[in-house]
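Remarks on the structure that follows.
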Amino acid sequence: MLGNGEEISVEKKKKGRKPTTNNYFDVREEEAVRNFLTAETFEERNKIYNEFLKDPLDKMISSIIRRYKLYRKDMDYEEIHIDTHSFLMTKIEKFKPSKEKKAYSYLGTICKNYLMGQIMKDQKEMNRKISYEDISSDLTNRTEMSYVIDNDDLSSEYVIKKFLEKLKQDLDDSECNEQEHKLGSAICDLFENYGTIFPDTNNNKFNKNIILFELREMTNLSTKEIRNSIKKYKKLYFELVQELLKN
């Protein structure tokens, strides 16, 4: 009787167990990704992102970093997290929703591959740096191998101010194509409203992935279109700096 009682008790316990699940990225979030991709305006996308995706994606990235110990040298945890999140948002467009594919799996794979790739890149850079230091440690004290740059006193605030003036003038006077005009206007808005566009950014390191993501959202241009159109403004900036250094 005791043995039978024990078997019944064990059986009841097995039936009563509840599976443990992690629901921070579930049906609601999968649907939010699809709604984000089909949204027609920046405001609509921004609302979906802030309400349904930002926190789950933050948790996903944190879990991947800690689970696989994907930490990077010379970067603290917050910097790694911000960099990975911003990169992820530049790749979300490539997800193709279907019944067979989950956004969670796609986004998680993007995060893990990016972090692993960056760690490998950091290691290669460190190896190159060590090699360079081995052969150049005696060059720093040799006057014939050094060069003094004159007029190296331009502040970044002054250069940006002059660049915006030049950029606005160029948008008014030059014959920009539609893509160049969209991008130029977006760059103006980005610099003039930096604190509003990036209210939570307290990282001193300039993150090109975050900027690229915002430019894509503000212009509806693809990454390739932005890279092609920005050549005009890179040239404008370079010519301005050369002019300022001469004066």
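The values are calculated or read from the model by the stated rules, or taken from the named source; none is laboratory data. This one's a predicted model, so the numbers in the text were calculated from it and none came from an experiment. Note: ideal-geometry Cβ built from the backbone for every residue, glycine included; neighbour counts use all protein chains shown.
Out of Leu190, Leu236, one residue alone is in contact with a helix residue (DSSP H, G or I) (Cβ under 7 Å, 6 or more places away or on another chain), surrounded by 11 or more Cβ atoms within 10 Å (Cβ to Cβ), modelled with pLDDT of 85 or more and not assigned by TED's automatic domain parsing to the domain that holds Met89. It is Leu236.
Kindly indicate which of Ser222, Ser156, Ser137, Ser146 is modelled with pLDDT under 80 and either under 27 Å from the mean Cα position of the chain (by Cα) or charged (D, E, K, R) (or both).
Ser156
Scanning region 221-245 for residues that are without any contact (Cβ under 8 Å) to a residue 24 or more places away in the chain and over 16 Å from Gln169 (Cβ atoms) yields Ser222, Lys224, Arg227, Lys231, Lys234, Phe238, Gln242.
Matching residues to (1) farther than 26 Å from Leu221 by Cα; (2) in contact (Cβ under 8 Å) with a residue 40 or more places away in the chain; (3) outside the structural domain of Lys101 (by TED's automatic domain parsing):
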position: Arg28; (1), (2), (3): yes, no, no
position: Arg34; (1), (2), (3): no, yes, no
position: Leu53; (1), (2), (3): no, no, no
position: Ser63; (1), (2), (3): yes, no, no
position: Glu79; (1), (2), (3): yes, yes, no
position: Ile82; (1), (2), (3): no, yes, no
